[in-house]
Structures are given as C-alpha cells and as structure tokens.
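Presented below is the structure to which this report refers.
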Amino acid sequence: MLNYSLLYPINNEKRNSIRLDGMWRFKIDFEDGSDYSKGLCDYDYIPVPASFQDFYTDKRIREFAGNVWYENMVFVPSYMKGDKVYIRFSAATHRAKVYLNGEEVFENEGGFLPFLVDITDKARYGEENQLVVMVNNELTETNIPCGRTITLKNGAKMNKPYFDFYNYSGLQRSVYLISVPKSEIFDINLSYKVFDKKAEITYSIITKGIGEINLTLLDGDGNIASKADCCEGVINLDNPHLWDVGSPYLYKLIVEFKDGEALLDKYSLDIGIREVKIKGESILLNNRPVYLKGFGKHEDSDIVGRGFNIGVMKRDFELMKWIGANSFRTSHYPYDEEIYRMADREGILIIDEVPAVGLFESLVNFLDAGTGKGAKSFFSKPTTPMLLKAHLKAVEEMIARDKNHPSVIAWSLLNEPESTDPNSVPYFEKLFERSHELDPQKRPRTFAMESNSSPSRCLCHHLSDFISLNRYYGWYIMGGYEISDAKEKFIKEMDEWKSLDLNKPFVFTEYGADTLSSLNKLPSVMWSNEYQREVLEMLHSVFDSYSFVKGEQIWNFADFQTTEGLMRVDGNKKGVFTRQRQPKEVAYLLKERWENLPRDYKG
Ligand code: CKX
C-alpha cells in the first residue's frame with residue numbers, strides 16, 4: 001500500500017499545487033561520489049522538465065552514467081502551514097535522493113512514475129527552502145528497465161541497455177509543491193457496468209481522518225446527474241452518456257469530505273463512463289467490439305529527449321486523429337500524466353505499459369529477440385527477487401496513478417520478456433495476480449511477446465487476457481527479396497496460434513520496417529519508403545485473414561533516439577512519422593486503411 005496519494009495535483013479551496021518547473025541548478029558528478037546535498041558549486045542551469053543529454057555538445061555528458069545533481073530554491077507559503085505539504089516529482093529517472101535544507105528526506109527507485117516527499121515537518125514556512133535532488137541513471141538488472149553499467153578503461157561509466165531506446169534521464173517531468181488537508185481524500189476507486197440505456201458506477205472513496213463523504217456527479221453541461229453521500233456504493237444512471245472511442249464524453253465527479261458543515265477536503269475528477277471487457281475473441285468497449293488501430297510510441301523528441309513536451313504531445317494527438325488511429329501503447333514505460341488526460345479528452349484508447357523492458361539479456365535485443373536467438377534463463381538469476389520487487393512496485397504505482405482514466409483500457413505488464421524460461425511462470429503469475437487485485441475495473445492484462453515467445457515455446461501466454469505479438473516478418477526475419485518466404489513463415493506461425501484455439505483476441509503491438517524518409521528506390525530496397533509500404537501490405541494481408549486478430553499497433557509512431565550502433569543510423573527509423581513529426585509516405589497508406597476499417601472490424 002502506497003503511503004502517499006497519487007491523485008493528480010489540483011488547486012481548489014482546500015488544495016494547492018505549484019509547479020516548480022523552470023531553470024534549475026545542475027551539476028554532473030564526473031568525480032563519481034561527490035556530495036552536493038548541502039548545495040551545488042560550479043553549477044550550470046538546465047530546464048526542468050527535460051532529459052539532460054541532448055543540450056550539450058560534449059559527448060561525455062550525453063553518455064554520462066552516474067549521479068547528476070539538481071538544485072532549486074522553493075518558497076513554501078505560510079498559508080500551507082497546518083496542511084500536509086509535499087514535493088511531488090512526476091518522475092526522476094531512474095532513482096533519486098532528495099534533500100531539503102541539507103537533510104536527506106527521501107529516496108526513490110524507479111524512473112517513470114511519481115513519488116511524493118513529505119516535507120510537512122521539515123519545511124520552513126514563509127521562507128525559501130533549498131531543494132537538492134541527486135538523480136542516478138545507471139541501469140541494473142534489479143530495476144526496470146533492465147540493463148547494466150560498465151566501466152571503460154578510461155574510468156568513465158557507460159550504460160548498456162537491454163532495450164532499444166536511448167537511456168534518457170534526469171528530471172523529465174514536472175515537479176510540484178503541493179499541500180493537501182490533513183483530513184484528506186486519499187484515493188478514488190471507480191468501476192463501471194454498462195447496460196442498454198443504463199450504467200452502474202461503483203465507487204469507493206478512501207480518506208485519511210474522520211468525516212462524511214458527499215459525491216456530486218455533473219454532466220458535460222454542468223448539470224447534476226446524480227448525488228450520493230456515502231464513502232462507497234453504487235450510482236445508477238439512466239440514459240448515461242457513455243465515453244467511447246472517438247466520442248469522449250466526460251462527467252465531472254466532485255468528492256467532498258466533510259465534518260458536519262465544515263469542508264475538510266475536496267477533489268474533482270473528470271470521468272468517462274465506459275466498460276471494457278474481453279469476450280471470446282473480441283475486445284468489447286461498452287459491449288461493442290472495437291478493433292485497435294494505432295501505434296507503439298515513445299516520449300521522445302529533439303533537444304528535450306524524453307522530457308515532457310506539451311507541444312509535441314498536441315502534435316502527436318493531431319497526427320493520430322489525422323491518420324485514423326484509435327489507440328496507442330505507452331511503450332515501454334508509463335507516460336506523463338498529461339498524455340492520459342489528453343487521451344481522455346480525445347477518445348483515444350491506451351494500453352498502459354509498466355517500464356518492464358529488457359527482461360531478456362541482450363545488448364542487441366532487436367536482433368537476438370527478433371530472430372529467435374539469445375534466451376539465457378533471465379528469470380533464474382539470483383537478482384530475480386529484487387527485480388520482481390521493483391517491478392511490483394511499478395505496477396502498483398502505475399495502477400494507482402492511471403486507474404481512473406477512461407482512455408486506459410488495458411495493462412501491459414512486460415515488453416518482450418524471456419517467457420520461455422520456466423522460472424518466468426511464477427514471476428509472471430505474481431504480476432498478473434497483483435495487477436488484478438489493484439485495479440477496481442479489472443482491466444484486461446497482457447504482455448508484448450517477441451519471436452522467441454512462439455506458440456510452442458512461450459510458457460506464459462495463458463496468463464494474458466489478450467495476446468500481444470511483436471513480430472518483424474519482412475524485417476528482422478527474412479527482409480528484402482525474401483519477403484515472400486517471410487510471409488509464409490508468418491502464416492505458419494499464425495496457423496500454429498490458431499490451432500491452439502485460445503479463444504482470445506490477438507493484437508499486433510509491434511510490426512514494421514526501418515525506413516529513411518529520404519530514401520526512394522525502384523525496385524525497393526530495405527530502408528526505402530517503397531519497402532516500408534511492401535512490408536505493411538504483406539503484414540496487413542495476413543492480419544486480415546485471421547478472425548482472432550483484433551488490433552494492429554505499428555512500430556513506431558515516430559523515429560526515435562537509441563544508443564548508437566551498427567544497426568541504428570542515429571536512432572530507430574521505423575517511424576510512420578519522422579522525429580520532427582512529418583509523415584513518411586507510408587502514413588498515407590495507413591490513413592487509407594484505418595479510415596476505412598470499421599470500429600468493429602471482424603467483430
Ligand atoms: N521491439 C525484435 C522492442 C522495441 C524495438 C523494436 C525494434 C523491437 C524488436 C524486437 O523497443 O525498438 O527493434 O525496432
């Protein structure tokens with residue numbers, strides 16, 4: 001159980017939230033082991049939120065593995081006195097130690113989810129407080145995402161990710177100073193059942209302190225749709241306006257925590273009434289089948305790296321709507337909270353992925369995994385129990401943070417793990433059970449499977465509510481002129497899945513081909529725009545011939561940065577859009593296809 005609330009920070013008559021974003025003091029610890037907890041010296045200034053890597057011209061900074069230090073002066077207003085006061089970090093990648101006025105106040109492991117530092121008794125009210133944060137970006141096998149850190153002969157440390165995206169790090173999301181009442185609305189759990197012309201909202205409000213709960217549900221025009229005065233119960237709504245894909249109707253739930261007439265706390269939340277279920281081979285949204293069309297994405301853009309960029313977010317949603325997409329997976333980590341709020345408003349569906357990538361030891365993971373080589377008993381290592389602990393923590397935090405977003409329709413608990421190792425089974429079982437326990441809506445769970453996780457070798461697919469396949473026929477497997485054999489091999493695999501008769505939907509959570517937007521060639525060669533088109537046409541024709549395929553999320557929405565290497569020309573180029581968010585030629589093919597596929601394609 002988390003000892004702080006992950007409700008999104010808001011301002012109202014009882015709550016304050018002040019964003020601390022801006023230019024922070026910044027220092028890289030090249031000495032490895034320096035202590036700047038009492039204040040930085042010889043510092044630079046750097047923007048927060050942002051990854052620190054791409055601002056500088058010095059390669060030692062971009063490739064730096066170790067501790068980086070941030071400092072900011074935070075004025076804690078006197079009006080916060082008497083409340084609980086926290087510094088809320090929306091993410092610090094991959095671990096952090098926080099110091100207030102020279103004293104260590106918190107330590108966190110995990111780089112993609114928020115944590116709150118309680119400074120109630122430590123803050124100097126009505127004064128500036130010195131906030132220092134040490135962020136460490138070293139990859140290990142005991143935390144997710146997995147990798148290792150080596151030391152070069154010249155003494156410099158270097159990260160070796162077991163995954164294919166750049167190890168951007170730092171304070172990549174907003175930092176807030178927040179205050180909430182001591183008698184607090186701590187959590188809100190909601191689940192929905194949708195019937196013909198009726199909906200049932202089951203709620204439970206978790207509070208700290210003694211008082212009564214009043215709930216008011218407002219419709220989109222601000223009219224009262226329902227009221228309740230209990231901390232748990234069921235609201236029945238006649239003729240509800242449902243939240244749906246492309247039709248994102250939001251109600252506002254206002255929760256008041258009261259002691260008689262006195263208001264102790266208040267929280268309001270935009271909610272969407274919708275029900276997600278898997279039934280046989282169908283994904284049902286409000287009892288109607290939905291076929292997923294969209295992308296695996298990354299938080300990745302020029303200059304700020306993985307730093308949250310509100311402009312890039314807006315552009316990405318515009319492009320997703322333009323191309324006719326209805327969904328994306330937050331590969332390979334939970335994204336900034338603003339992105340889920342935007343998806344709620346746009347009616348886009350999200351498969352929310354925990355940062356569990358690289359659970360397959362390989363430094364050229366895309367080659368070893370893509371071609372079926374490389375498995376080495378990942379889950380049989382002495383470090384596995386520690387890894388599981390970190391993984392379960394991330395699952396708990398992700399579900400606590402994201403469970404009330406109507407856009408979130410499923411949890412992806414791992415990406416491309418070594419699910420052929422017998423020791424993966426108990427590991428996966430714990431993740432699947434825990435996520436079900438934590439989610440009031442019992443959303444479908446899945447994990448994205450690479451080629452080693454074949455119908456005959458994967459030991460864990462029975463745990464998934466729907467099967468997610470990452471497949472690269474025509475790229476890692478038989479690319480170029482061999483594409484016709486790739487197609488046959490793909491069909492053979494699909495026939496094997498079919499013969500298992502799993503009675504579950506399948507979603508392609510990755511497929512695609514690297515493409516240089518500048519390269520046209522007739523006849524095609526791999527990396528050309530023409531070849532990207534050929535691969536997609538081949539793969540789509542196979543998807544279309546299996547009734548249980550209920551979704552396609554191409555890899556990737558946009559070109560993105562990776563570690564440098566023989567296989568990557570300044571990053572992964574499988575984007576449908578360039579890193580600057582302009583369409584490659586294949587975008588028009590997808591637009592044509594997705595605009596014409598009905599919502600309930602194949603039922
Ligand atoms: N899937 C065979 C995970 C992604 C990579 C993608 C790729 C791989 C393929 C694994 O993070 O970027 O290599 O393009």
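The values are calculated or read from the model by the stated rules, or taken from the named source; none is laboratory data. All figures in this text were calculated on a predicted structure; none of them were measured in a lab. Here Cβ is always computed from backbone atoms with ideal geometry, including for glycine, and neighbour counts include all displayed protein chains. For the accessible areas, the whole protein counts, side chains as well, though only heavy atoms, and no ligand, DNA or RNA atoms are used. Shrake-Rupley method; radii C 1.70, N 1.55, O 1.52, S 1.80 Å.
Would a scan of the range 282-293 turn up a residue that is within 26 Å of D164 (Cβ to Cβ), of a type outside the set (F, W, Y) and touching a residue at least 40 places away in the same chain (Cβ under 8 Å)?
Checking the range 282-293: at least one residue is within 26 Å of D164 (Cβ to Cβ), of a type outside the set (F, W, Y) and touching a residue at least 40 places away in the same chain (Cβ under 8 Å).
Among the residues of the range 495-503, is any buried (at least 21 other Cβ atoms within 10 Å of the Cβ) and either part of a helix (DSSP H, G or I) or modelled with pLDDT of 95 or more (or both)?
no
Going through the range 563-599 one residue at a time, which ones are among the charged types (D, E, K, R) and surrounded by 15 or more Cβ atoms within 10 Å (Cβ to Cβ)?
R568, K573, K574, R579, R581, K584, E585, K591, R593
Residue by residue, here is whether (1) among the aromatic types (F, W, Y); (2) surrounded by fewer than 21 Cβ atoms within 10 Å (Cβ to Cβ); (3) modelled with pLDDT under 95 holds:
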{"residue": "K376", "(1), (2), (3)": "no, yes, yes"}
{"residue": "N404", "(1), (2), (3)": "no, no, no"}
{"residue": "W411", "(1), (2), (3)": "yes, no, no"}
{"residue": "N415", "(1), (2), (3)": "no, no, no"}
{"residue": "P426", "(1), (2), (3)": "no, yes, no"}
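Show me the strands (runs of 3 or more DSSP E) found entirely inside the range 174-219 where at least 2 residues are closer than 18 Å to C231 by Cα and more than 29 Å from the chain's Cα centre (by Cα).
Hits in the range 174-219: 212-218.
Of all residues in the range 449-466, which are away from the ligand (no atom under 16 Å from the Cβ) and closer than 23 Å to I278 by Cα?
Result: P455, L459, C460, H461, H462, L463, S464, D465, F466.
For V549, work out the one condition from (1) open to solvent by less than 20 Å² (accessible area, probe 1.4 Å); (2) more than 15 Å from the ligand (Cβ to nearest atom); (3) touching a residue at least 60 places away in the same chain (Cβ under 8 Å) it doesn't fulfil.
(3)
Does at least one position in the range 521-529 carry a residue that is within 16 Å of the ligand (Cβ to nearest atom) and on the phi > 0 side of the Ramachandran plot?
yes
Before we move on, is V105 open to solvent by less than 20 Å² (accessible area, probe 1.4 Å) and at pLDDT 95 or above?
Judged against the criteria, V105 is not a match.
Applying the selection to the range 13-30, what residues are surrounded by 13 or more Cβ atoms within 10 Å (Cβ to Cβ) and either aliphatic (A, V, I, L, M) or part of a loop (DSSP other than H, G, I, E, B) (or both)?
Within the range 13-30, K14, R15, I18, L20, D21, I28, D29, F30 qualify.
Checking the structure you have, find out if any residue of the range 145-163 is away from the ligand (no atom under 16 Å from the Cβ) and on the phi > 0 side of the Ramachandran plot.
Yes, there is a match, as at least one residue in the range 145-163 is away from the ligand (no atom under 16 Å from the Cβ) and on the phi > 0 side of the Ramachandran plot.
Any idea which of N520, N556 is open to solvent by 70 Å² or more (accessible area, probe 1.4 Å) and among the polar types (S, T, N, Q)?
N520
Would it be correct to say that P426 is more than 16 Å from the ligand (Cβ to nearest atom) and in a loop (DSSP other than H, G, I, E, B)?
no
Take K252 and tell me if it is open to solvent by 50 Å² or more (accessible area, probe 1.4 Å), under 30 Å from G294 (Cα atoms), of a type outside the set (F, W, Y) and assigned to a strand (DSSP E or B).
Yes; evaluated as a whole, the condition is true for this residue.
Consider L171 against the criteria (1) within 16 Å of the ligand (Cβ to nearest atom); (2) open to solvent by less than 10 Å² (accessible area, probe 1.4 Å): it satisfies all of them except one. Which criterion is unmet?
The failed condition is (1).
Got a sec? Which of S17, S37 is in contact with a Phe, Trp or Tyr (Cβ under 8 Å, 6 or more places away or on another chain) and closer than 20 Å to G102 by Cα?
Selected residue: S37, the only one of S17, S37 that is in contact with a Phe, Trp or Tyr (Cβ under 8 Å, 6 or more places away or on another chain) and closer than 20 Å to G102 by Cα.
Within the range 136-162, how many residues turn out to be in contact with a helix residue (DSSP H, G or I) (Cβ under 8 Å, 6 or more places away or on another chain) and either in a strand (DSSP E or B) or more than 23 Å from P49 (Cα to Cα) (or both)?
Total satisfying the criteria: 5.
Taking the conditions exactly as written (assigned to a loop (DSSP other than H, G, I, E, B) and either at pLDDT below 95 or within 14 Å of the ligand (Cβ to nearest atom) (or both)), does S362 satisfy them or not?
Yes.
Mind listing whichever residues of the range 554-566 are more than 8 Å from the ligand (Cβ to nearest atom), under 22 Å from R148 (Cα atoms) and part of a loop (DSSP other than H, G, I, E, B)?
Q561, T563, E564, L566
For residues that are charged (D, E, K, R) and under 30 Å from M80 (Cα atoms), tally how many sit in the range 144-192.
Residues flagged as charged (D, E, K, R) and under 30 Å from M80 (Cα atoms) within the range 144-192 amount to 4.
For the range 295-308, state whether one or more residues are surrounded by 24 or more Cβ atoms within 10 Å (Cβ to Cβ), in a loop (DSSP other than H, G, I, E, B) and acidic (D, E).
So far as the range 295-308 goes, yes, one or more of its residues are surrounded by 24 or more Cβ atoms within 10 Å (Cβ to Cβ), in a loop (DSSP other than H, G, I, E, B) and acidic (D, E).
Residues of the range 314-349 being part of a loop (DSSP other than H, G, I, E, B), open to solvent by 10 Å² or more (accessible area, probe 1.4 Å) and of a type in the set (A, V, I, L, M), which ones?
A325
Within the range 467-494, track down each residue that is buried (at least 18 other Cβ atoms within 10 Å of the Cβ), within 16 Å of the ligand (Cβ to nearest atom) and not in a strand (DSSP E or B).
R471, Y472, G474, W475, Y476, M478, G479, A486, F490, E493
Right, R306: more than 14 Å from the ligand (Cβ to nearest atom) and not hydrophobic (A, V, I, L, M, F, W, C) or not?
no
Quick test for you: out of R581, R593, pick the one residue that is farther than 16 Å from G512 by Cβ, more than 15 Å from the ligand (Cβ to nearest atom) and touching a helix residue (DSSP H, G or I) at 6+ places or on another chain (Cβ under 9 Å).
R581
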